[in-house]
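The values are calculated or read from the model by the stated rules, or taken from the named source; none is laboratory data. If you're wondering where the values come from, they're calculated on a predicted model, not measured in any experiment. Virtual Cβ from ideal backbone geometry, glycine too; neighbours counted across all protein chains shown. What goes into the accessible areas is simple: the full protein's heavy atoms, side chains included, and nothing from ligands, DNA or RNA. Shrake-Rupley method; radii C 1.70, N 1.55, O 1.52, S 1.80 Å.
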Amino acid sequence: MHRQFLPRYFMLAGVLIACLPAAIAQVAAKPVRHLVEINTTAGRMVVELYNETPLHRDNFLKLVREHYYDSTLFHRVINGFMIQGGDPDSRKADDRGVQLGNGGPGYTIPPEFRTGLFHRKGALAAAREGDDVNPKKESSGSQFYLVQGRIWPPADLARLQDRQNSMRPDSAAIHYTPAQVETYGSTGGTPHLDGNYTVFGQLVEGMDVLDRIAAQPCDVQDRPLSDVRMWMRVIK
């Protein structure tokens, strides 16, 4: 009895041991997602960057490490929509008559629209110029926004999807998954921006800070009446 079963036991153990290095290698090869801390005069936030959008991820990390964003403003804030920053001209924008939102590093980034990355609340996405001057939908080299948005009941989202797709070729049609419908219906977001602006990260800490900044009283140019400044650093 034992002579029959011992060889099979050792064969099974040998297979498991042989597979172990491959399993360990797969775990080790899983890419780490970088975390960036955004300290502001209104509180602290942390965003996780997506590896699925490497051009935007690497550019953002580069600028953060160069302290490009330090002391710049969230210069455009719309409650129920988003908060926008990343304009280097805002660092010394003492004159409120000067319109902000045109500054940058002098280059753009090709869009990286990815299935499954959408404008849920807390999404980190790249700002850009409008389609009339930017038909390729290329992203600003530095300006970004964090989505606040609103709740979208399934019926509203279905109507928006039909309206959006009526203006798109079939190859660019948007079809929300059940998980996306649930997310937009529970935590909210800005689904009308999907497929038009690159989402490259997600807020993982500080959703209350996002809401606090979004609630700031603003002037006619959507700039907060009390400046909200930021300082960033890579923490992972």
Fill in the blank from the handout: Contour minus Cα-Cα span, Val98 to Arg44, at 0.36 nm per residue, comes to 16.7 nm
Completion exercise
For Lys137, the aspartates and glutamates lying under 16 Å Cα to Cα, once residues fewer than eight places off in the same chain are dropped, come out as Glu112, Glu129, Asp194
Problem - Accessible surface ranking that places the most exposed of Leu55, Leu49, Leu117 first, with a 1.4 angstrom probe - result: Leu55, Leu117, Leu49
Problem - Which of Val133, Pro54, Asn39, positive extreme of dipole for the chain (C-beta unit charges) - result: Pro54
Exercise for the section: List the residues of the stretch 139-179 whose backbone N lies under 18 Å from a point placed 7 Å from the Cα of Arg91 along the Cα-to-Cβ direction. Expected result: 141-144
Practice task
Could you work out how far apart the two model spin labels at His175 and Arg33 are, taking each label as a point 7 Å from the Cα in the direction of the beta carbon, and quote it in nm?
Solution key: 2.5
Completion exercise
Given unit charges at Cβ for Lys, Arg (+) and Asp, Glu (-), the dipole magnitude of the chain about its Cα centre in debye, nearest 20, is 940
Practice task
Taking every pair of alpha-carbon atoms in the chain, give the share separated by more than 30 Å as a whole percent.
Solution key: 34
Completion exercise
Calculated from DSSP helices alone, with each H run of at least 4 adding -39500 (n - 2.57) and the total divided by the residues of the chain, [θ]222 nm to the nearest 500 comes to -9500 deg cm²/dmol
Exercise for the section: Heavy atoms only, probe 1.4 angstrom, no DNA, RNA or ligands counted: give me Glu205, Glu138 ranked by accessible area, highest first. Expected result: Glu205, Glu138
Completion exercise
Ordering Thr187, Thr198 by the accessible surface of their heavy atoms, 1.4 Å probe, largest first, yields Thr187, Thr198
Fill in the blank from the handout: Once Asp227 and Asn165 are pulled to full extension, the length gained, defined as 0.36 nm per residue separation minus their Cα-Cα distance, is 18.4 nm
Handout entry: the stretch 111-125 versus the stretch 191-222: alpha-carbon centroid distance in Å
Key = 12
Fill in the blank from the handout: Here the gain from full extension of His67 to Arg114, 0.36 nm per residue of separation minus their alpha-carbon distance, amounts to 14.1 nm
Practice task
Only helices at least 24 Å long along their axis, Cα-based, and averaging 1.0 or more on Kyte-Doolittle count here, so list those DSSP H runs from the chain.
Solution key: 2-29
Handout entry: Three-way shape label, the stretch 126-213, alpha-carbon gyration tensor, a/c 1.5
Key = oblate
Practice task
Choose one of Gly85, Pro224, Ala172: the residue whose Cα lies farthest towards the positive end of the charge dipole of the chain (beta-carbon charges +1 Lys, Arg; -1 Asp, Glu; about the Cα centre).
Solution key: Ala172
